[in-house]
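Trainee: Have a look at this one.
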Amino acid sequence: MNKNQKLAQWLELRIFYDAKARNLNVETSCQQYLQRYKNLKILDLGAGTGANCRYYFNKISQEQEWFLVEQNQELLEIAFDRLILWAQENGYESQLQNSGLVLKNQVHKITIHRIVGSILDLENLLDLNTFDLAVANAVFDLFSEKQFQTLLECLKKYQLPMLATINYTGMNFIPPSDNDSYFIKYYHQHMQRHQYFGRGMGPECGSFMWEAMKGIGMKVLQGESPWEISNSDSVFLEFILGFMEQSIPEIIQEATLQHELNTWLLEKQQMISQNKLSCNVAHQDFWGYWE
């Protein structure tokens, strides 16, 4: 399994938790706003394997045209495979047309396009004057403040509303142990380490997104969207622990700290194997629009 296949596996695993966590007040407000349109043309920012659009298909009554914007071309190829499978499982016919995919049943028609490129380069990829909505799921905690501000300025230029869901703000293990806060802090420091584009917002994204969206003149609704991962879901817990195991060593230097990390990880893995560990992961959802 290569890196992209591993990532695609993670993106599928999290669908259940994302769907359960999404804030219904935020989502309903967006749905009410969209009732003004007969047809909808939607940008899916950082679309990955298409999980976000699959979630919304049956929640939108209008005819839909989706543009999945994603830098990773292999993920977009996987996305079409997953969309065709979704169509089969949900009573839709699917047909590849040119570079797009059309899904139809007796009531709905959904057209999907793949756009390989950066969501910070939207104006060079698409005519944004023609779109009604932008959505993004689990994207902006990876952004720097400057990148998010740049995107907002682009949205403002075209008065394009945005529904941004599952933005990471923190986590805790249950039951807690002495070193949890210590290594979660290092995990957050890794998210916010200096990279070529600046520093990722990580767990601070919620507060910055709220201020930035309000500051640029959007009407904004915010709501909590937590994952509650039970002790019976060992696969998902192992994924979360694996992300920490991969990332934390990149920012700790001392051998003693690495030894403490290894001990902590082993304790957590043992608890997972015994179904004694659960985890809560905090997120926030945002709906921002223009009046």
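Trainee: With region 100-152 as the region, which strands (runs of 3 or more DSSP E) entirely inside it contain at least 1 residues that are of a type in the set (D, E, K, R)? Steps first, please.
Mentor: Details: elements: 100-104, 109-116, 133-137.
Result: 100-104, 109-116.
Trainee: Same structure, new question: Give region 165-176 a look and list any residue that's touching a helix residue (DSSP H, G or I) at 6+ places or on another chain (Cβ under 6 Å), of a type outside the set (F, W, Y) and open to solvent by less than 20 Å² (accessible area, probe 1.4 Å), or say none.
Mentor: Answer for region 165-176, where residues must be touching a helix residue (DSSP H, G or I) at 6+ places or on another chain (Cβ under 6 Å), of a type outside the set (F, W, Y) and open to solvent by less than 20 Å² (accessible area, probe 1.4 Å): I166, N167, G170.
Trainee: Looking for whichever is among the aliphatic types (A, V, I, L, M), touching a His at 6+ places or on another chain (Cβ under 8 Å) and on the phi < 0 side of the Ramachandran plot here; the options are A51, A47, A21, A79. Which one fits?
Mentor: Working: A51 fails: touching a His at 6+ places or on another chain (Cβ under 8 Å); A47 fails: touching a His at 6+ places or on another chain (Cβ under 8 Å); A79 fails: touching a His at 6+ places or on another chain (Cβ under 8 Å).
Only one candidate qualifies: A21.
Trainee: Tell me which residues, restricted to region 78-115, are surrounded by 14 or more Cβ atoms within 10 Å (Cβ to Cβ) and of a type outside the set (A, V, I, L, M, F, W, C). Walk me through how you get there before you give the answer.
Mentor: To start, the set of residues in region 78-115 that are surrounded by 14 or more Cβ atoms within 10 Å (Cβ to Cβ) comprises 78-80, 82-84, 86-87, 92, 94, 100-104, 108-115.
R82, Y92, S94, G100, K104, H108, K109, T111, H113, R114, listed by residue number.
Trainee: Here are some residues: L43, L11. Which one is surrounded by 14 or more Cβ atoms within 10 Å (Cβ to Cβ) and in contact with a Phe, Trp or Tyr (Cβ under 8 Å, 6 or more places away or on another chain)? Even if it seems obvious, please write down each step before you answer.
Mentor: Numbers: L11 fails: in contact with a Phe, Trp or Tyr (Cβ under 8 Å, 6 or more places away or on another chain).
One residue alone meets the criteria, L43.
Trainee: A follow-up question, please. Which condition number in (1) small (G, A, S); (2) outside any strand (DSSP E or B); (3) more than 20 Å from the chain's Cα centre (by Cα); (4) farther than 18 Å from V135 by Cα is the one that S61 fails?
Mentor: Unmet for S61, out of (1) small (G, A, S); (2) outside any strand (DSSP E or B); (3) more than 20 Å from the chain's Cα centre (by Cα); (4) farther than 18 Å from V135 by Cα: (4).
Trainee: Could I ask something else about it? Among the residues of region 52-71, what is the count of those that are in contact (Cβ under 8 Å) with a residue 40 or more places away in the chain and over 12 Å from I110 (Cα atoms)?
Mentor: The qualifying residues number 6.
Trainee: Can you report the number of residues in region 43-58 which are under 15 Å from the mean Cα position of the chain (by Cα) and not in a strand (DSSP E or B)? Before the answer, list the steps.
Mentor: First, pick out the residues of region 43-58 that are under 15 Å from the mean Cα position of the chain (by Cα): 43-56.
Cutting the leftovers down to not in a strand (DSSP E or B) gives us 46-56.
Matching residues across region 43-58 total 11.
The values are calculated or read from the model by the stated rules, or taken from the named source; none is laboratory data. Keep in mind that this is a model prediction, so the values were computed, not measured. FYI the Cβ positions are ideal-geometry reconstructions off the backbone, even for glycines, and counts take in every protein chain you see. Heavy atoms of the whole protein, side chains included, go into the accessibility calculation; ligands, DNA and RNA do not. Shrake-Rupley method; radii C 1.70, N 1.55, O 1.52, S 1.80 Å.
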